[in-house]
1. Once you've got the GNM for the chain with C-alpha springs shorter than 10 Å, pick whichever of I256, I306, I315 has the biggest mean-square fluctuation.
2. Efficiency by 1/(1 + (r/R0)^6): what FRET value for R265 and F295, r their Cβ-Cβ distance, R0 = 30 Å, to the nearest 0.05?
3. Among D51, D365, D142, which one moves the most in a GNM of the chain with springs linking Cα atoms closer than 10 Å?
4. Points 7 angstrom from Cα along the Cβ direction at D333 and T358: gap in nanometres?
5. Among T15, T386, T247, which one shows the biggest mean-square fluctuation in a GNM of the chain, springs joining Cα atoms closer than 10 Å?
6. If I take R0 = 51 Å and measure r between the Cβ atoms of R212 and H30 in this structure, what FRET efficiency does the formula 1/(1 + (r/R0)^6) give, to the nearest 0.05?
7. Of F107, F194, how do they rank once you tally other Cβ atoms within 10 Å and put the fewest first?
8. Order these peptides, 348-357, 213-222, 330-339, 130-139, by their mean beta-carbon neighbour count within 10 angstrom, highest first.
Amino acid sequence: MADKNMKTDDGKRITETKAAAIEVLRHNAHGPFEGLPRTAGWGYPEPYTRDWMISALGVLVSEDQGLLKTLRRVLEALANNQTRHGHIPSLAHDPNDLGASDTTPLFLVIVALFRRACREPDFLHDAVEAALTWMRYQSPDDLIMVGQQPTSDWRDEQWVLGYGLYVNTLAYAYLRLYGFDNDAAALKKAMHRFDVRADHRHRHIHEGLAIRHKPYYAMWSYKVHNSERFDLLGNSLAVLFGLASPTRAADLMSWIEAECEAMRRDGKLALPLPPCLFPYVQRADPDWRPRYEQFNRPGQYHNGGIWPFVCGFYIPALVAAGRPKVAQIRLNDLTQLVRPAREHKVAYGFNEWFDATTGQPCGQDWQTWSAAMYLYAATCVERGSTPLLDTIRQSSP
């Protein structure tokens, strides 16, 4: 009886938190820049592209007509402000704010999902064609893997160089969604090559992102350089999109849970949810950069902070990997995590990120993607599936 009551209480809390998340998204739907939505309730008044593209998953599963109209306005603004070469800007209203490596592939993924959800197969046709052309030129060796400059993806304080896992999972997803199956298969094969760690790169060896004797993928690799630190978002997407085989996906989820438990025992992790990156970059490490001392200390921000929106991908990845009980536990944990606020007196803070070593909220309250990805994660656990993304994984070559 106690277990049944606990489940009932958990279900009630999740229902209440989903309602609070919708409230946050509706509050943020109108901002001061051309009426486009804001990225956080009080901070970040701008319509950041990547934030709203990621938030689209929660908006689409909510089926809230007002929020769907907001998403449509963002997509149309991005198309109107796209560069002549097809690049999507980092701010939906500003055609001059450029340089991100993930905005264009995110745009392609979300337009494809929006088309299917709203049954508009030709929505933003010209913008999609231009974006596809832009992406064809983003491979440094003109093959298939997408390259990037440091700090150009969602981690503006983290050094990701060359072939990054996160951006290439997005590239794989849009290739599958637009029917470029041969290219998707080639990208999947390239990513499963082992990363190159020798002092000299042989011409017949191309770097990949697989790591020997470990179930996860490297954060990035380029020629003889790489980082084998664990990227939670990139690896969660690899599971959700079917880049990881079912066996590898199950092993990866078990590995994450075991590693986080070890970190908690060692006093390196204060919360039950996983950090966005581990092991943390320490001051004595060769990949430590002086700027990290101010913005990216160990266990903070992109250097291992806990981001609710990233956990909103990890929980669906648990569902996709056949771990529904663990997914339910982690959803309950996320339900607790989104309550604390840093500055504002609200029942649900939906804060941006948390210090992994102290558990304290450190970012902006009422962050759009924190609320939206909570909605998506809760929906996945409730349905026992990953709506919108199931077809990518199930038809993966």
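No value in this document is a laboratory result; all are computed from the given coordinates. What you see is a predicted model; the values in this text were computed from it and never measured. No Cβ is skipped: glycine too gets one built from the backbone with ideal geometry, and neighbour counts run over all protein chains shown.
1. Greatest mean-square fluctuation among the candidates belongs to I256.
2. 0.60
3. D142
4. 2.1 nm
5. T247
6. E(calc), rounded to 0.05, equals 0.50.
7. So the ranking, lowest neighbour count to highest, is F194, F107.
8. Taking the mean over residues of other Cβ atoms within 10 Å, the ranking is 348-357, 213-222, 330-339, 130-139.
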